[in-house]
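Right, one structure below, let's go through it.
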Amino acid sequence: MTAQEDPTPYLDEEMRGLLAQFQADVRPLEELQESLDAVRGRGEAADGQVRAEVLPTGALGGLRIDPRAMRLGADAVAEAVLAAAGAAAEDLAAQMAGLMTNGLSPFAGEVRRFTQD
């Protein structure tokens, strides 16, 4: 199919216009989803010797332990890993909340309209 072919030849002009408007309305939500998928939470502990990264799924996406942290002992390193991961999760949650607030604010009027009906 060439770029000039109409992918919806069976739709009349009004329906094509409605479809185009719907696609334009949905695009900000698609962009929000892309932003949410790309965000990463980061945290550190033990004076920066342990750094963690958390993915939007909540999974640990990265962990960096400075070799000097090994002097802290196994229990302290384990606590630092948990602290860094917790800080990364908090960072992720804050970033996602900001993205959601900014990304959904254009739709606030519509939400109010539906909740009042």
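The values are calculated or read from the model by the stated rules, or taken from the named source; none is laboratory data. On a predicted model such as this, the values are computed, not experimentally measured, just so you know. Note that each Cβ is placed from the backbone with ideal geometry, even for glycine, and that neighbours are counted across all protein chains shown. All accessible areas refer to the heavy atoms of the entire protein, side chains included, with ligands and DNA or RNA removed. Shrake-Rupley method; radii C 1.70, N 1.55, O 1.52, S 1.80 Å.
What about A76, is it in contact (Cβ under 8 Å) with a residue 24 or more places away in the chain and either over 30 Å from N102 (Cβ atoms) or of a type in the set (D, E) (or both)? In short, yes. The set of residues in region 47-64 that are over 12 Å from A85 (Cα atoms), open to solvent by 40 Å² or more (accessible area, probe 1.4 Å) and not polar (S, T, N, Q) comprises D47, P56. In the set L32, L18, L11, which member is modelled with pLDDT under 95, part of a helix (DSSP H, G or I) and surrounded by 13 or more Cβ atoms within 10 Å (Cβ to Cβ)? One residue alone meets the criteria, L32.
Just one of the listed residues (A85, A74, A3, A80) is small (G, A, S), open to solvent by 70 Å² or more (accessible area, probe 1.4 Å) and at pLDDT 95 or above, namely A74.
Restricting attention to region 36-46, the residues that are at negative phi and either open to solvent by less than 50 Å² (accessible area, probe 1.4 Å) or β-branched (V, I, T) (or both) total 5.
Can M70 be described as under 13 Å from the mean Cα position of the chain (by Cα) and aliphatic (A, V, I, L, M)? No: the conditions fail for M70. Of the listed requirements (1) part of a helix (DSSP H, G or I); (2) in contact (Cβ under 8 Å) with a residue 12 or more places away in the chain, L63 misses just one: (1).
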